[in-house]
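The values are calculated or read from the model by the stated rules, or taken from the named source; none is laboratory data. These figures come from a predicted structure and were not determined experimentally. Counting neighbours? That spans all protein chains shown, and the Cβs are built from the backbone with ideal geometry, glycine included. Surface areas here come from the heavy atoms of the whole protein model, side chains and all, with no ligands, DNA or RNA. Shrake-Rupley method; radii C 1.70, N 1.55, O 1.52, S 1.80 Å.
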Amino acid sequence: MDPKSPCSIMRACGGCTALNRPYKKQLAAKQAAMEELFAELCEREGVAVDPIRGMGVTLGDPGKYPAPRGFRHKAATPFAPGKEGAVRCGFFERGTHKIVAVPECPVEAPGARQILNGIAREAERLHIPAFNEDKHLGLLRYAVVRCGWRTDQIMVTLVTAQRDLPHAQEFFEAVAALDPHIVAVAQNINGRPGNAILGEETRIVYGAECMRDQLLGCEFDISPTAFYQTNPQQTELLYRLAIDGMNLQQGDVLMDAYCGSGTIGLCAAKDAQDKGAGIMLLGVERNPAGIADARRNAGLNGLTRNAWFMADDATDYILDAADNNERIDVLSIDPPRAGSTPEFLEAACALKPRRITYISCNPVTQERDLHQLLDGGYRLLKITPVDMFPHTDHTETVAVLERR
Ligand code: SAH
């Protein structure tokens, strides 16, 4: 091991490939990659990619670029059986399904890894067998820990192959006792083969239904299976860039497509309201757990009368809106890695929102989709990379478009 390395398992772990690279160099490499990817679009539109917003720094800032630590507020582990009933946990070794033990992780929220390791210890003590992927035997498959950013609340989700566990109650209580900040423990049942972490059924086995966090001064309840950004500090920056790009006005209708727990749209509506502009928010998200959260979150932020959320496929929803010629003044898009669909984008152009903001966790699909929006009557005002995942080669981007 490199004695100066911040991580003892860096070589084996598949996570932070650039952990030993100075942060300024990491940001410069991401900036160069984004400039190359968006070169054609930027030339066509006469804009330049903004300098990447790193954690605590923007590329080009003078002085030191401290290496980010403890920014991942979601941590997860697979479990696998070891010798004599042992329950192993950690990260998969790069490119394999072999588990490397993780004593601590420098990029996760402090304490998260100790909880995951503690779960393995408790399962072992109570003879709850870890799941064997190849033989499809055993019970405990994964655990996910989510830690609040503005709050100190922690939520744990235990993924098991079956609902019934030996010594279940004792196990759940022991897990809840691993950290005094744990407010909820959920059990998710995933009996299916394959790599998907979560199964269909989820139940709360200890404490609250959700954990609470805050973003941009808004309160959010997040339930165990709803999407919530992993790096909330950078999420605030990402959302701020999108909200500034929306330029919302009194009476606007904002559509938040792929809205998760309603976070972007509600932050935008609250921001507009604070500036004296009441808006109407329509959110659409495929995951019903996200929509249940979003409705609750509208209430938590005093926006019940301004917000309406729908569990649906985003493409089906916007096609209906276009058929009915609904009024949409501003459209926010934040799709998964695959990007949006041609049908969604076509309907978006037909609805003629004044502004479109597009947040992407996969700029390659975003670049493809932006071409379609530009061909459909929009011009690109701004594109900003945000470093949500330091020490990896992932970059998030926010694009702001305006109707020509
Ligand atoms: N805007 C949210 C969520 C972004 S992640 C936030 O910032 O937290 C992308 C979201 O898109 C996920 O919640 C996922 O469940 C949802 N999603 C994926 N495919 C979808 C589809 N076809 N229609 C609607 N939502 C979809």
Is there a residue being touching a strand residue (DSSP E or B) at 6+ places or on another chain (Cβ under 9 Å), over 18 Å from Tyr206 (Cβ atoms) and touching a residue at least 40 places away in the same chain (Cβ under 8 Å) anywhere in the range 136-144?
yes
Of all residues in the range 273-293 being assigned to a loop (DSSP other than H, G, I, E, B) and more than 10 Å from the ligand (Cβ to nearest atom), the one that is surrounded by the fewest Cβ atoms within 10 Å (Cβ to Cβ)
Gly276
Quick one: Val49 ticks every box in (1) touching a Gly at 6+ places or on another chain (Cβ under 9 Å); (2) part of a loop (DSSP other than H, G, I, E, B); (3) surrounded by 19 or more Cβ atoms within 10 Å (Cβ to Cβ) except a single one, so which number is it?
(1)
Candidate set from the range 223-265 (those that are more than 10 Å from the ligand (Cβ to nearest atom) and in contact with a Leu (Cβ under 6 Å, 6 or more places away or on another chain)); member that is most open to solvent (accessible area, probe 1.4 Å)
Glu236
Filter the range 61-98 down to the residues that are farther than 13 Å from Tyr142 by Cβ and hydrophobic (A, V, I, L, M, F, W, C), then identify the one that is most open to solvent (accessible area, probe 1.4 Å).
Ala67
Residues being within 11 Å of the ligand (Cβ to nearest atom) and assigned to a helix (DSSP H, G or I): count how many of those fall in the range 344-364.
1
Name the pairs: first residue in the range 232-253 and free of Cβ contacts under 8 Å to residues at least 12 places away in the same chain, second residue away from the ligand (no atom under 13 Å from the Cβ) and open to solvent by 10 Å² or more (accessible area, probe 1.4 Å), Cβ to Cβ under 7 Å, at least 6 apart or on different chains?
none
Residue match in the range 262-282 (condition: touching a helix residue (DSSP H, G or I) at 6+ places or on another chain (Cβ under 6 Å) and among the polar types (S, T, N, Q))
no
Scanning the range 315-334 for residues that are within 10 Å of the ligand (Cβ to nearest atom) and among the small types (Gly, Ala, Ser) gives Ser332
Within the set of pairs 6+ apart or on separate chains, which have a first residue in the range 90-116 that is among the aromatic types (Phe, Trp, Tyr), a second that is open to solvent by 70 Å² or more (accessible area, probe 1.4 Å) and not in a helix (DSSP H, G or I), and C-beta atoms under 8 Å apart?
Phe92/Lys98
If you go through Asp375, Asp369, the only one that is more than 23 Å from Ala75 (Cα to Cα), charged (D, E, K, R) and within 16 Å of the ligand (Cβ to nearest atom) is Asp369
What's the total number of residues in the range 207-236 that are in contact with a strand residue (DSSP E or B) (Cβ under 6 Å, 6 or more places away or on another chain) and assigned to a loop (DSSP other than H, G, I, E, B)?
6
Of the residues in the range 173-219 that are among the acidic types (Asp, Glu) and under 23 Å from Glu236 (Cβ atoms), the one that is nearest to the chain's Cα centre (by Cα) is Asp213
Which of the residues spanning the range 112-138 are in a loop (DSSP other than H, G, I, E, B) and at pLDDT 95 or above?
Leu126, His127, Ile128, Pro129, Phe131, Gly138
Flagged in the range 294-314 as within 16 Å of the ligand (Cβ to nearest atom), part of a helix (DSSP H, G or I) and either touching a Leu at 6+ places or on another chain (Cβ under 6 Å) or farther than 18 Å from Ile264 by Cβ (or both), in numbering order, are Asn297
Please specify each residue of the range 339-378 satisfying the condition of being touching a strand residue (DSSP E or B) at 6+ places or on another chain (Cβ under 7 Å) and of a type in the set (Val, Ile, Thr).
Ile356, Thr357, Ile359
Output yes when any residue across the range 315-328 is open to solvent by less than 10 Å² (accessible area, probe 1.4 Å), in contact (Cβ under 8 Å) with a residue 40 or more places away in the chain and in a helix (DSSP H, G or I), and no when none is.
yes
Residue by residue through the range 199-216, note down the ones that are open to solvent by less than 60 Å² (accessible area, probe 1.4 Å), of a type outside the set (D, E, K, R) and in contact with a helix residue (DSSP H, G or I) (Cβ under 8 Å, 6 or more places away or on another chain).
Thr202, Val205, Gly207, Cys210, Leu215, Leu216
Gly290 free of Cβ contacts under 8 Å to residues at least 60 places away in the same chain and either under 22 Å from Glu209 (Cα atoms) or not assigned by TED's automatic domain parsing to the domain that holds Pro353 (or both)
no
